[in-house]
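Take a look at the structure below.
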Amino acid sequence: MDLDALTGCLASSACLVTQTTSGFIIGMLLFLVAVGLTLIFGVLKVVNFSHGAFYMFGAYFAMTAYQFSGSFALAMLCGAAGTAILGLIFERVFMSRVYGADVLMQLLVCYAFVLIFDDVVRMIWGPEFKSMGMPAAFQVVPLFIAGGVVPPYYLLLIGVALAAAMILGLGLARTRIGKVIRAAAHNPGMVSALGINTGLIYGGVFALGGMLAGLAGALAAPVRSLTPGMGFSVLIESFIVTVIGGMGSILGALIGALLIGMIRSFGSLGFPLFTEGLMYLFMVIVLVSRPTGLFGKEVA
Amino acid sequence: MTRTRKPGVSRRATLAMMGAGAVSFATPFGTPWVARAQAKTIKVGMPTILSGRVAQLGTSSRNAVMLEVEKVNASGGLAGRQIEMVIRDSKGQPQEAARVARELVNTDGCEILIDAEASSGAFAVHEVARDLGVLCLHTNSETSALTADPKQHIPNAFRTARQGVHDSIVGGSYAAAIAKAKGLKKWATCSPDYAYGRDTTGEYVTYLKRFAPDIEIISESWPKLFQPDYTEVVTKILQAKPQALYSCLWGGDLTSYIDQANIYALFSQMEVFAVNMADYTALTVVKNLPKGIHSGNRYIKTYPATPENAAWGDAYKAKYNEYPTNWSWENATAIMLLAEASKKANSADGKKIAEALRGLKIKSPFGADGTVTMRAEDQTLVGYAIGWGTTIPQEPYVPKVEAGDWKTIFELEAEWKKSKGYT
């Protein structure tokens, strides 16, 4: 425990800027993965344990597209669109067959696909780790704001994630399709009786969730090493975020992810040997005081 | 959820298909990788890491072993018995490494173990070797205690890898000279939180301070092994404002760390000493390699600068279309030593080979003076080429290596052992 470092940081604007930005970076990347997870749970009532694989595929798709085209924008597009298509196929061919099944069966199927997807990546891209590399446009001197260090690439990452959160939130709240999705989450039988194709909605939601995870993977690709199985640790943290925020709540996922990001960022200063533990401790505190999570009742 | 199920494949049929799919996918990875040999073979079991973030190193261990086994078999094998390698994936998990090692001996009939695990798994395999009494050569674990601590000692286990304390003595004296010249007094450390990371960093700091006593460690970071995100670690180091940073991160962890630290311009704000940087795994994978990072030599075909080393590196590249790694030379050395010990003992029996291995000196492309020795007293490798230099982003990557002096290493290692109560 190093409380002096923590209090010293809180008293320094430079440190506050750097660590808060760091918390945002960690949090927003987690949010993109967690929001897909929570969206799928909210609408489809499926705990998609294979969700981390979409993060992994997003990173690999982006790296491959970048290697062939040299275009960062195309890499992001391929990461997001590729995983959306993959998510749609996965939902239609496999997941749609276990809706309504016992949760253990769903978990088993998802876990089987975690292993299968890892092996598929191993066969296509090889078992060794890869690095996409930072695009030249972002290989620049970091910004210094109030003495704190902020890399431009991370500003882009935060901006993209915030934009995704806003589009998703507004889309679900204000658009017709958003209302149908929310209705399908609450009463799928009634939506189906009204002549709306629920299969299309489920497939679309799963594809959207996969796309968000894939986008997170694509955004992470320039700064993280790519390896088969890379989605697993992200998945665990995303589950923590989802549980803290409340399963099914998009706002909860956003707040939960930011809280975890800040805990990791400031915790690394004050509790360097207990940063991971802090995250779990916080989850326990939230669940004890509010078993449905912070925004558990706000189902999407 | 009420939902009308469309006609199609039933759930049972889907699961059956998935089962069949899982089997067909798993087969190439779930079964042992066996190098077929003729009859009268001696089976050598090898647990190593063939999946996950360290898979490249595990694969390079396997490649190096096979490169040397082919040579040994071509020249008659171990006392006339052809070597048959049985290689299994431990996935980098200690419990799996121990299970696989035990199975290789008890079920597959392996008479010798090549333990190509990282330190996290090597100690687990070591206990299996202790229990079964099988000849075991640890090839990748650099944690000094594995062979230096008498409590770990068993007559049937040897190590053909570097030792952290050797690296630290050479690295500490190298870094201290730079620290004195440049006035680097405030240091930070960032190393993985497991046996190798903790031990090696502690030893490095010990020798750094020994050679430059006014150095102060103002920040320590211990990210967990295979951590995907180092952002909080990077920013923590930036807050501490050290003049120099030491790290023994390695493989995919090191490349992730470099990629993330790069965009904070960390490498331009302090002098960086990363012992595992100068290995082709990291050198060729990192896209934006910053120049001027100080590193210990891992495997570089230009150091030692001998025709034998260059030829070995080229032969490996010709066969596998990539450069060898630090784990490659350590595994190749295990087979070279096995072959020579078997010749000396005129036997393929594990106990007789173990007897012959103690104190055995062989010619080696990786030797500081063209030879390496399996030191009898603690059954660990000494005399390998060891040095430090600074990196550049293209070949030869480390143009100039300052060689470590084995006389100094032996003297300080003896002191270190005494201070730890090992002698």
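The values are calculated or read from the model by the stated rules, or taken from the named source; none is laboratory data. Just so you know, these numbers come straight off a predicted model, no measurement behind them. Cβ coordinates were reconstructed from backbone atoms using ideal geometry, including for glycine residues, and neighbour counts include every protein chain displayed. Surface areas here come from the heavy atoms of the whole protein model, side chains and all, with no ligands, DNA or RNA. Shrake-Rupley method; radii C 1.70, N 1.55, O 1.52, S 1.80 Å.
Within the stretch A:28-82, if we keep just the residues that are assigned to a loop (DSSP other than H, G, I, E, B), open to solvent by 10 Å² or more (accessible area, probe 1.4 Å) and within 14 Å of another protein chain (Cβ to nearest Cβ), the residue that is farthest from A:ARG97 (Cα to Cα) turns out to be A:GLY70.
Do you know which residues across the stretch B:281-293 are more than 9 Å from chain A (Cβ to nearest Cβ), open to solvent by less than 10 Å² (accessible area, probe 1.4 Å) and in contact (Cβ under 8 Å) with a residue 60 or more places away in the chain?
Step one: filter the stretch B:281-293 for residues more than 9 Å from chain A (Cβ to nearest Cβ), giving B:282-284, B:289-293.
Still in the running and open to solvent by less than 10 Å² (accessible area, probe 1.4 Å): B:282-283, B:293.
Matches in the stretch B:281-293: B:LEU283, B:ILE293.
Checked against the criteria, B:ALA305 counts as surrounded by fewer than 24 Cβ atoms within 10 Å (Cβ to Cβ) and on the phi < 0 side of the Ramachandran plot. The residues of the stretch B:109-124 that are over 9 Å from B:SER141 (Cβ atoms) and assigned to a helix (DSSP H, G or I) amount to a single one, B:ALA124. The set of residues in the stretch B:233-249 that are open to solvent by less than 10 Å² (accessible area, probe 1.4 Å) and out of contact with any Pro (no Cβ under 8 Å at 6 or more places or on another chain) comprises B:VAL234, B:THR235, B:ILE237, B:PRO242, B:ALA244, B:LEU245, B:TYR246, B:SER247. Looking for something within 11 Å of another protein chain (Cβ to nearest Cβ) and surrounded by fewer than 18 Cβ atoms within 10 Å (Cβ to Cβ) - is there at least one such residue anywhere in the stretch A:167-175? No, the conditions are met nowhere in the stretch A:167-175. Here the condition is being under 19 Å from A:VAL33 (Cα atoms), within 13 Å of another protein chain (Cβ to nearest Cβ) and either in a helix (DSSP H, G or I) or open to solvent by 50 Å² or more (accessible area, probe 1.4 Å) (or both); of A:PHE144, A:PHE113, it holds for A:PHE113 alone.
Considering only residues that are touching a residue at least 12 places away in the same chain (Cβ under 8 Å) and within 9 Å of another protein chain (Cβ to nearest Cβ), look in the stretch A:129-141 and name the one that is most open to solvent (accessible area, probe 1.4 Å).
Step one: filter the stretch A:129-141 for residues touching a residue at least 12 places away in the same chain (Cβ under 8 Å), giving A:129-135, A:137-138, A:140.
Now restrict to residues that are within 9 Å of another protein chain (Cβ to nearest Cβ): A:129-134, A:138, A:140.
On the way: A:PHE129: 4, A:LYS130: 51, A:SER131: 2, A:MET132: 9, A:GLY133: 2, A:MET134: 11, A:PHE138: 41, A:VAL140: 66 Å².
That would be A:VAL140.
Before we move on, is B:TYR323 over 19 Å from the mean Cα position of the chain (by Cα), aromatic (Phe, Trp, Tyr) and surrounded by fewer than 24 Cβ atoms within 10 Å (Cβ to Cβ)? Taking the combined requirement at face value, the residue does not satisfy it.
Just checking, does the stretch A:182-197 include any residue being of a type in the set (D, E, K, R) and open to solvent by 30 Å² or more (accessible area, probe 1.4 Å)? Working first, answer last.
Here is the first cut: in the stretch A:182-197, the residues of a type in the set (D, E, K, R) are A:182.
In the following step, the residues that additionally are open to solvent by 30 Å² or more (accessible area, probe 1.4 Å) were identified as A:182.
Yes, that holds for at least one residue.
On the stretch given as the stretch A:197-232, residues that are assigned to a helix (DSSP H, G or I) and either in contact (Cβ under 8 Å) with a residue 40 or more places away in the chain or not polar (S, T, N, Q) (or both) total 24.
Residues in the stretch A:233-277 that are over 21 Å from A:GLY8 (Cβ atoms) and part of a helix (DSSP H, G or I): how many?
Of the stretch A:233-277, the ones over 21 Å from A:GLY8 (Cβ atoms) are A:233-260, A:276-277.
Adding the requirement that they be part of a helix (DSSP H, G or I) leaves A:233-245, A:250-260, A:276-277.
Residues that pass the stated criteria total 26.
Residues in the stretch B:134-143 that are farther than 9 Å from B:ARG159 by Cα and in contact (Cβ under 8 Å) with a residue 60 or more places away in the chain: B:VAL134, B:LEU135. Only one of the numbered conditions (1) among the hydrophobic types (A, V, I, L, M, F, W, C); (2) in contact (Cβ under 8 Å) with a residue 24 or more places away in the chain; (3) open to solvent by less than 10 Å² (accessible area, probe 1.4 Å) is not met by B:ALA356, and that is (2). Residues in the stretch B:130-170 that are crowded, with 22+ Cβ neighbours inside 10 Å, in contact with an Asp or Glu (Cβ under 9 Å, 6 or more places away or on another chain) and assigned to a helix (DSSP H, G or I): B:THR147, B:ALA148, B:GLY164, B:VAL165, B:HIS166, B:ASP167, B:SER168, B:ILE169, B:VAL170. The set of residues in the stretch B:225-260 being part of a loop (DSSP other than H, G, I, E, B) and facing another protein chain (nearest Cβ under 7 Å) consists of B:PRO228, B:ASP229. Right, B:THR139: within 14 Å of chain A (Cβ to nearest Cβ), at pLDDT 95 or above and in contact with a helix residue (DSSP H, G or I) (Cβ under 9 Å, 6 or more places away or on another chain) or not? When the stated conditions are applied, B:THR139 does not pass them. Output yes when any residue across the stretch B:340-359 is under 30 Å from B:GLY252 (Cα atoms) and modelled with pLDDT of 95 or more, and no when none is. Scanning the stretch B:340-359, I find no residue that is under 30 Å from B:GLY252 (Cα atoms) and modelled with pLDDT of 95 or more, so the answer is no. Filtering the stretch B:283-312 to residues that are assigned to a loop (DSSP other than H, G, I, E, B) and in contact with a Gly (Cβ under 9 Å, 6 or more places away or on another chain) leaves B:VAL286, B:LYS287, B:ASN288, B:TYR299, B:LYS301, B:THR302, B:PRO304, B:THR306.
This table checks each residue for (1) within 14 Å of chain A (Cβ to nearest Cβ); (2) out of contact with any Lys or Arg (no Cβ under 8 Å at 6 or more places or on another chain).
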| position | (1), (2) |
| --- | --- |
| B:GLN56 | yes, yes |
| B:THR59 | yes, yes |
| B:ARG62 | yes, yes |
| B:SER75 | no, yes |
| B:GLU84 | no, no |
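From the list B:ALA315, B:ALA274, the one residue that fits, being more than 14 Å from every other protein chain (Cβ to nearest Cβ), within 21 Å of the chain's Cα centre (by Cα) and crowded, with 18+ Cβ neighbours inside 10 Å, is B:ALA274.
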